[in-house]
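The structure appears below as structure tokens.
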Amino acid sequence: MEELLAGLRAAGEPTRLRLLALCAHGELSVTELTHILGQSQPRVSRHLKLMVEAGLLARFREGSLMFYRIAEDGESAHLARTLIDLLPKDDTELNRDLARLEQIRQKRAEQARIYFQENAGQWKKIRALHVPEADVEARLKALVGPDPVGNYLDIGTGTGRMLELFAAQVDKGVGIDLSSEMLAIARTQLESDELKHLQVRKGDMYNMPVADQSIDLATLHLVLHYSLEPVAVIVEAARTLAPGGRLIIVDFASHQEERLRSEHKHQRLGFSDREIRQAMILASLEPGPVDSLVGDPLTVKIWQAHRR
């Protein structure tokens, strides 16, 4: 009763209902919400704080920005969804808010397009050195199999492609990345596809904002070679795995393409099977089969492990 009443009190104000409706459509910063509502930032922040405290909204920090979205867990989250379903579809003010939201999404998409266009060249150069991405993705899908996946974690998610790849079979998915520009691209793509069960978060792969033993499947897709401490990354990934949870690492076999270090900031020139296996054992994981997709000059390896 008290939780229900607290939620109703927090939502029982016109501006807060408008904020709740907006945050049900995606992740929005205080600045974006201020622009949509045409109200001062302190006022909007105060409303948001009350709804977070009541469990109607969730918030997370991304660099200097604070983002908000509708809560997903608990009775208050259920109340938030119920209230949104009750909002009239023909309300003039709500529809005006949604029109402004669409303008913000278009602006995000344009910024993401420009960044992607400016940086796509270096990704294309690297892809030309190994097997086609479609082949790697097909092998990944086959290894994961068709069964549903509860909680999915993509470490170093970049543009969010792995989240999209497994979107249809995961209950909830989150991608972690340190690049705000990459996260902007991923967030724009996920929102355009209406994949509301998938999220991206800014975070360090050495210290991820993910609870212990909460993940059923985690992937490191062409990320580990950027790490100065790959063993620490694998140990951190293992920390998040639930009993029986799986870790899949996609990266390059050991190679001699020194230009990738100088031109594309690769910290490691691939990995040996022995090195990855030892890291998995150190992380208290049970190593599994290893797949190879031979390219010229780079061979893509897929290493698997699971928590005992």
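The values are calculated or read from the model by the stated rules, or taken from the named source; none is laboratory data. What you are looking at is a predicted structure, and each value in this text was computed from that prediction instead of being measured. Because the Cβ atoms are built from the backbone with ideal geometry, glycine has one as well, and the counts that use them run over all protein chains shown. The area values use the complete protein model at the heavy-atom level, side chains included, leaving out ligands, DNA and RNA. Shrake-Rupley method; radii C 1.70, N 1.55, O 1.52, S 1.80 Å.
Below are the figures for this structure:
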{"read-out": "Filtered residue count, region 165-197, keeping only those that are out of contact with any strand residue (DSSP E or B) (no Cβ under 7 Å at 6 or more places or on another chain), under 20 Å from R105 (Cβ atoms) and open to solvent by 50 Å² or more (accessible area, probe 1.4 Å)", "value": "6"}
{"read-out": "Boolean, L153 is among the hydrophobic types (A, V, I, L, M, F, W, C), within 18 Å of K196 (Cβ to Cβ) and buried (at least 17 other Cβ atoms within 10 Å of the Cβ)", "value": "yes"}
{"read-out": "Residue ID - surrounded by the fewest Cβ atoms within 10 Å (Cβ to Cβ), chosen from residues in region 233-269 that are in contact with a Lys or Arg (Cβ under 8 Å, 6 or more places away or on another chain) and in a loop (DSSP other than H, G, I, E, B)", "value": "Q267"}
{"read-out": "Residues of region 44-60 classified as more than 17 Å from A21 (Cβ to Cβ) and either assigned to a helix (DSSP H, G or I) or in contact with a Cys (Cβ under 9 Å, 6 or more places away or on another chain) (or both), total", "value": "4"}
{"read-out": "Members of region 56-73 that are open to solvent by 20 Å² or more (accessible area, probe 1.4 Å) and free of Cβ contacts under 8 Å to residues at least 24 places away in the same chain", "value": "A58, R59, S64, D73"}
{"read-out": "Evaluation of F116 against (1) open to solvent by 20 Å² or more (accessible area, probe 1.4 Å); (2) under 28 Å from G203 (Cα atoms); (3) of a type in the set (A, V, I, L, M, F, W, C); (4) modelled with pLDDT of 90 or more (one fails), failing number", "value": "(4)"}
{"read-out": "Test result for E53, among the acidic types (D, E), out of contact with any His (no Cβ under 6 Å at 6 or more places or on another chain), modelled with pLDDT of 90 or more and open to solvent by less than 90 Å² (accessible area, probe 1.4 Å)", "value": "no"}
{"read-out": "Any hit, region 16-33, residues being of a type outside the set (V, I, T), open to solvent by 60 Å² or more (accessible area, probe 1.4 Å) and at pLDDT 90 or above", "value": "no"}
{"read-out": "Candidate set: region 162-190, residues that are charged (D, E, K, R) and without any contact (Cβ under 8 Å) to a residue 60 or more places away in the chain; chosen: the one farthest from T219 (Cα to Cα)", "value": "D171"}
{"read-out": "Scan of region 1-50 for residues that are over 21 Å from R201 (Cα atoms) and hydroxyl-bearing (S, T, Y), ordered by number", "value": "T15, T34, S40"}
{"read-out": "Breaking point among (1) β-branched (V, I, T); (2) over 16 Å from L222 (Cβ atoms); (3) in contact with a helix residue (DSSP H, G or I) (Cβ under 8 Å, 6 or more places away or on another chain), for I302", "value": "(2)"}
{"read-out": "Lone unmet requirement of (1) in a helix (DSSP H, G or I); (2) closer than 30 Å to Q189 by Cβ; (3) not hydrophobic (A, V, I, L, M, F, W, C) for G26", "value": "(1)"}
